[in-house]
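Okay, so here's the structure we're looking at.
FYI, it's all coordinate maths here, none of it is from the lab. Note that the coordinates shown come from a computational prediction; the quantities given were computed from them, not determined experimentally. Cβ: placed from backbone, ideal geometry, glycine included. Neighbour counts: every protein chain shown.
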Amino acid sequence: MNWKYPLVGAVTFVALHRVLVVTWQTWFHGGGGHSPWFMNTVDSVLLAMAVFFVVNVMVCLLMPQPRVEETSLAACQVVAGAIVPMVVTLATLPEGPGNMAPVAIFIGIIIVVVPSVAGALVGFAVRKAILALRS
């Protein structure tokens, strides 16, 4: 396991949450009275998916000579790194995590893993296309 990928995931989630906190009232119209959390509005879910997609495209473009299985594994490691700050953020929300916290965490992981793997595969395909054009 490469320690860089979980670190990228953790930093990405923390940065995403910080952006949500700063822009919650303007971009997300206060989230319907809820605290800033990436699953409290459809727009914030889409933003989270877009961010993790782009981050994983970049991760795979920067990998030295990746194979397709390495890109998928790297995406899963990015997600694993995002889980820790996700759980901590949920636990520290002002209204508390609630009794459905395990379900929220599971859904949050799905929201992050799908675009992460898709981004990794797109990054792999783009890298292969660039290498094919060069040769």
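When you check V54 against the structure, is it under 16 Å from the mean Cα position of the chain (by Cα) and either buried (at least 20 other Cβ atoms within 10 Å of the Cβ) or in a loop (DSSP other than H, G, I, E, B) (or both), yes or no?
no
Could you figure out which of (1) over 19 Å from V19 (Cβ atoms); (2) among the aliphatic types (A, V, I, L, M); (3) under 13 Å from the mean Cα position of the chain (by Cα) isn't true of M39?
(1)
What residue, among those in the stretch 21-42 that are part of a helix (DSSP H, G or I) and touching a Gly at 6+ places or on another chain (Cβ under 9 Å), is farthest from T89 (Cα to Cα)?
Taking the candidates together, the pick is Q25.
Pick out the one residue from L46, L7, L16 that is surrounded by 15 or more Cβ atoms within 10 Å (Cβ to Cβ) and out of contact with any Phe, Trp or Tyr (no Cβ under 6 Å at 6 or more places or on another chain).
Only one candidate passes the filter, namely L16.
Checking V79 against (1) touching a residue at least 60 places away in the same chain (Cβ under 8 Å); (2) among the aliphatic types (A, V, I, L, M); (3) surrounded by fewer than 18 Cβ atoms within 10 Å (Cβ to Cβ), only one condition comes out false. Which one?
Of (1) touching a residue at least 60 places away in the same chain (Cβ under 8 Å); (2) among the aliphatic types (A, V, I, L, M); (3) surrounded by fewer than 18 Cβ atoms within 10 Å (Cβ to Cβ), only one is false for V79: (3).
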